[in-house]
């Protein structure tokens, strides 16, 4: 038989596939993420919607009022696409303006996010601790008074 593997060869191949190197990051399914792909940060701001998606927000509300028994998402999308194509540039302008405004806000939040990321994980841990700086300082002062943390020299 051509290309047939003996029992010993298939076990070796399976063992090689099952090897997980130490320190290798794995995804939820136990596999390593693809090259260049890092796990998504849940704190990262979402990208702003385009002018069409801003239009869709308004269109969905109107479409639901006009067609209360139509539950198909595809029908809403097709109707919105047809309506968007039929709009003139002047009619699209308010949606484009809203989209630009959201894009400007997104860029500000991304700058703040990137700055926070550049400061490093230590800054994030302090921020997430849930205690204000005054509470942390109060705890440190209490420990100093008890003498449990630091001892003062009376020279």
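For the listed peptides 52-59, 81-88, a ranking on the average number of other beta carbons within 10 Å per residue, highest first, reads 52-59, 81-88. Between residue 65 and residue 43, the C-beta separation translates, for a Förster distance of 30 Å, into a calculated FRET efficiency of about 0.25.
So what's Rg/Rh here for the range 44-128, counting alpha carbon atoms and using the Kirkwood radius for Rh?
On the way: Rg = 18.4 Å, Rh = 15.5 Å.
When Rh is taken as the Kirkwood radius, the ratio is 1.19.
Of the peptides 38-47, 61-70, 105-114, the order by per-residue mean of other Cβ atoms within 10 Å, starting with the highest, comes out as 105-114, 61-70, 38-47.
None of the figures in this text is laboratory data; all of them are computed from the coordinates on show. None of these values were measured; they are calculated from a predicted model. Note: ideal-geometry Cβ built from the backbone for every residue, glycine included; neighbour counts use all protein chains shown.
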